[in-house]
Amino acid sequence: MQPGPQTRALWEMFSDLMDLDDAHRYVTDPLAGMDARYDLGDDHRLVGTLCPDLKLTLERPDPDVVTAVTLSADLLREDRGPLLDLVDRAEARDAAAAWTGRVNTVTARTGRVDVDALLIRPDGCVAWALPTGQDLDATPLVRALGTWFGQPA
């Protein structure tokens, strides 16, 4: 790229595009391996992909007590798979209760509006997702828990 007014204009346009989330993801996701999708037997678009790094506001059982703000990647440091309950879906937490020693159930809030809950393997791959507002069929969640975290305790 030779310096000049056309090059500068192109650089400014590209810089503006990178400020747009979709354009930024289009360029950076393949570089980070975020565009790879493994067939895990579920057609939800997040299942089989690396979990996007979500900004989470963690909560205690009392929804008025906010305890921390963290990133979803921080939850993977515990070498357990997190089940992210993003809209207080007790039935998802109850379905995973038998895996308490291997799966951390985390109730949190995030800006993401396309899922109510996510099960993430310790390597960061999404193993199960509950779409927003969908009734929970516990069978796929229990199957994913059994596949990736062994038999219930």
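Are any of the residues in the stretch 80-99 among the acidic types (Asp, Glu) and not in a helix (DSSP H, G or I)?
yes
Any residue that is surrounded by fewer than 22 Cβ atoms within 10 Å (Cβ to Cβ) and within 10 Å of the chain's Cα centre (by Cα) - is there at least one of those in the stretch 126-144?
Looking through the stretch 126-144, none of the residues is surrounded by fewer than 22 Cβ atoms within 10 Å (Cβ to Cβ) and within 10 Å of the chain's Cα centre (by Cα).
Looking only at the stretch 112-121, which residues are at pLDDT below 90, more than 10 Å from Leu46 (Cβ to Cβ) and in contact with a Leu (Cβ under 8 Å, 6 or more places away or on another chain)?
None - no residue of the stretch 112-121 is at pLDDT below 90, more than 10 Å from Leu46 (Cβ to Cβ) and in contact with a Leu (Cβ under 8 Å, 6 or more places away or on another chain), so the list stays empty.
Of the conditions (1) open to solvent by 70 Å² or more (accessible area, probe 1.4 Å); (2) assigned to a helix (DSSP H, G or I); (3) modelled with pLDDT under 75; (4) of a type outside the set (Gly, Ala, Ser), Leu10 satisfies every one except a single condition; which number is it?
Of the numbered conditions (1) open to solvent by 70 Å² or more (accessible area, probe 1.4 Å); (2) assigned to a helix (DSSP H, G or I); (3) modelled with pLDDT under 75; (4) of a type outside the set (Gly, Ala, Ser), the odd one out for Leu10 is (3).
Of everything in the stretch 86-114, what is surrounded by 20 or more Cβ atoms within 10 Å (Cβ to Cβ) and out of contact with any helix residue (DSSP H, G or I) (no Cβ under 7 Å at 6 or more places or on another chain)? Give them in sequence order.
Leu86, Thr107, Ala108
The values are calculated or read from the model by the stated rules, or taken from the named source; none is laboratory data. Here the structure is a predicted model, which means the values were calculated and not measured. We place every Cβ from the backbone using ideal geometry, glycine too, and count neighbours over all the protein chains shown. Each accessible area value is taken on the protein alone, full model and side chains, heavy atoms only, with ligands, DNA and RNA left out. Shrake-Rupley method; radii C 1.70, N 1.55, O 1.52, S 1.80 Å.
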